[in-house]
Amino acid sequence: MLDGIAVDAVTEEQVVAAVRSALDRGEGGRIVTPNVDILRQARVDPEVRAYLDDATLVVADGTPLVWASRLAGTPLPARVTGSDLIWSLSAGLGQDGRSVYLLGGEPADPGWVDGAGRAAGRLAAASPGLHVAGWRSPEYGFEQDEYALYSVCREVIEAKPDLVYVGVGFPKQEWLVSVLRAELPFSWFLGCGAAINFVAGDQERAPEWMQRSGLEWAHRLSHEPRRLAGRYLRHDAPYALRLLALNAVRGR
């Protein structure tokens, strides 16, 4: 339990196994991967908290969450990120001959393949047996246009994929998962943030040493300082320090 949120003590391999087993039983589900920013928002925003409460699996995307669990004496086994799960889940579902749909990534100019399409091609190439049920990189602000939103949702629903990767930014992606899940109760959903961009090659992920050291946020900040400086430095950093301190006290 981290700041009132139950986080599943599972590894990436266990997440993949759980999803495959659930699909074999005809059960759908939802994976949410909170980091410091999402955990902070869940404290003050009932809608964000509801997304976490609705999840079948909640796994720690942020390294500080793993540190906090260790300080509290209830260690999580590892960090489990959406950016890693998009690869491992695709490989696992490929072994079962199942399908995925990619929703997110960079929209393309006419005549070019969008980010989701390029990511789909790379996942299919790396995951023998995987079927790509479809992909789409919707235009920015699509959720504000009733017709565009309907079109996006209808494409996903008609494709009937076993797993949907939704990477359109938090919390929009979790809201969209909630909409789609009502129509696809036997499918699985992963809100995966920038993972589709990473797979497509449109965005560079932090080096492994920064990921292991809990410095992935610094890499992102260096690439998007205007958008992220206020969130990371004014809100997330103080919250992370508070979370670590509280769990250190609990672990004594």
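General observations
- Criterion: modelled with pLDDT under 95 and open to solvent by 20 Å² or more (accessible area, probe 1.4 Å) - qualifying residue of Arg25, Arg43: Arg43
- Residues that are in a helix (DSSP H, G or I) and open to solvent by 40 Å² or more (accessible area, probe 1.4 Å) within segment 28-40 comprise just one, Arg40.
- Of all the listed residues (Phe186, Phe170), the sole one being farther than 20 Å from Val58 by Cβ, among the aromatic types (Phe, Trp, Tyr) and open to solvent by 10 Å² or more (accessible area, probe 1.4 Å) is Phe186.
- Of residues in segment 52-64 being more than 19 Å from Ala18 (Cβ to Cβ) and in a helix (DSSP H, G or I), the one farthest from the chain's Cα centre (by Cα): Pro64
- In the set (1) closer than 30 Å to Val152 by Cα; (2) under 17 Å from the mean Cα position of the chain (by Cα); (3) surrounded by fewer than 19 Cβ atoms within 10 Å (Cβ to Cβ), the condition left unmet by Gly97 is number (2).
- Residues (touching a helix residue (DSSP H, G or I) at 6+ places or on another chain (Cβ under 9 Å) and either among the small types (Gly, Ala, Ser) or on the phi > 0 side of the Ramachandran plot (or both)) located in segment 122-148: Ala124, Ala126, Ser127, Gly129, Ala133, Gly134, Ser137, Gly141, Ala148
- In segment 27-47, the residues that are among the hydrophobic types (A, V, I, L, M, F, W, C) reach residues that are open to solvent by 50 Å² or more (accessible area, probe 1.4 Å) and outside any helix (DSSP H, G or I) with C-beta atoms within less than 9 angstrom, at least six apart or across chains, in these pairs: Ile31/Thr56; Val32/Thr56; Ile38/Phe170; Ile38/Pro171.
- Test: residue in segment 103-111 that is assigned to a strand (DSSP E or B) and modelled with pLDDT of 95 or more: yes
- Options Gly169, Gly193: the member that is on the phi > 0 side of the Ramachandran plot and in contact with a helix residue (DSSP H, G or I) (Cβ under 6 Å, 6 or more places away or on another chain): Gly193
- Some residue of segment 61-80 being of a type in the set (Gly, Ala, Ser) and touching a Gly at 6+ places or on another chain (Cβ under 6 Å): yes
- Being in contact with a strand residue (DSSP E or B) (Cβ under 9 Å, 6 or more places away or on another chain) and more than 17 Å from Gly28 (Cα to Cα) holds for only one residue in Gly97, Gly117, and it is Gly117.
- Within the set Ser83, Ser69, the sole residue that is part of a helix (DSSP H, G or I) and under 22 Å from Gln203 (Cβ atoms) turns out to be Ser83.
- Failed condition for Ala125, given (1) of a type in the set (Gly, Ala, Ser); (2) over 29 Å from Glu47 (Cβ atoms); (3) open to solvent by less than 40 Å² (accessible area, probe 1.4 Å): (3)
The values are calculated or read from the model by the stated rules, or taken from the named source; none is laboratory data. Just so it is clear, the structure is predicted and the values come from calculations on it, not from any experiment. All Cβ positions, even for glycine, are placed from backbone atoms using ideal geometry, and neighbour counts span all protein chains on display. Accessible surface is based on the protein model in full, side chains and every heavy atom, while ligands, DNA and RNA are left aside. Shrake-Rupley method; radii C 1.70, N 1.55, O 1.52, S 1.80 Å.
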